[in-house]
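A short worksheet on the structure shown next.
The values are calculated or read from the model by the stated rules, or taken from the named source; none is laboratory data. Just so it is clear, the structure is predicted and the values come from calculations on it, not from any experiment. All Cβ positions, even for glycine, are placed from backbone atoms using ideal geometry, and neighbour counts span all protein chains on display. What goes into the accessible areas is simple: the full protein's heavy atoms, side chains included, and nothing from ligands, DNA or RNA. Shrake-Rupley method; radii C 1.70, N 1.55, O 1.52, S 1.80 Å.
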Amino acid sequence: LSPAELTAAFAKLDADGSGYVEKEEFLSWWNADARFSHLRLDEAKEARVQQFAAFFLDYDTDGTGFLEAGPEFEKFYTTLKGAGYRLPAGGVAEALAHLDSNGDGQVSFNEFLRYLIDDELL
C-alpha cells in the first residue's frame, strides 16, 4: 500500500478517531467485510486446524517450521499414508513435490494447510 492508502485504511478501521484500532473496531470491520468470509472457520474447523498444527509440529523435530526432505518428511508421509489420507501414489518423493508448492525442498505448515484445503480435509 502507498502511504495514502495506508492512512485511508487506518482511518476506516479507527472508527472513533482515537489514533488506535481497538479490538472492537477491528472485529466490527472484520465481521462486516465479506471478502474475508472464506477465511472464517467454524469451531469444528478451527479445532481441526489446531489438531493438524500439533500433528505437523510433532514431525518438525528441529523446530524450523518446515518438514525437510529426508527422515522428517518420510515419517510424516508414512503416518499420513497409514491414516488413509490421499497422497500421490508415487511415494515419498512425489508426495513431497505435491505438498511443496514453492519447490524449496521442504514443506511449511502453510503448504500443508493448502493441501488440506485443496483436498477438502478441512
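Here are some notes:
- Sole exception among (1) surrounded by 14 or more Cβ atoms within 10 Å (Cβ to Cβ); (2) assigned to a loop (DSSP other than H, G, I, E, B); (3) in contact (Cβ under 8 Å) with a residue 24 or more places away in the chain for Leu121, by number: (1)
- Failed criterion for Lys75 (all others in (1) open to solvent by 50 Å² or more (accessible area, probe 1.4 Å); (2) out of contact with any helix residue (DSSP H, G or I) (no Cβ under 8 Å at 6 or more places or on another chain); (3) closer than 24 Å to Leu121 by Cβ hold): (2)
- Residue tally, condition closer than 15 Å to Phe112 by Cα and free of Cβ contacts under 8 Å to residues at least 24 places away in the same chain, over the stretch 80-92: 5
- Matching residues, the stretch 91-110, being more than 26 Å from Leu41 (Cα to Cα) and either open to solvent by 50 Å² or more (accessible area, probe 1.4 Å) or of a type in the set (A, V, I, L, M) (or both): Val92, Ala93, Glu94, Ala95, Leu96, Ala97, Gly103, Asp104
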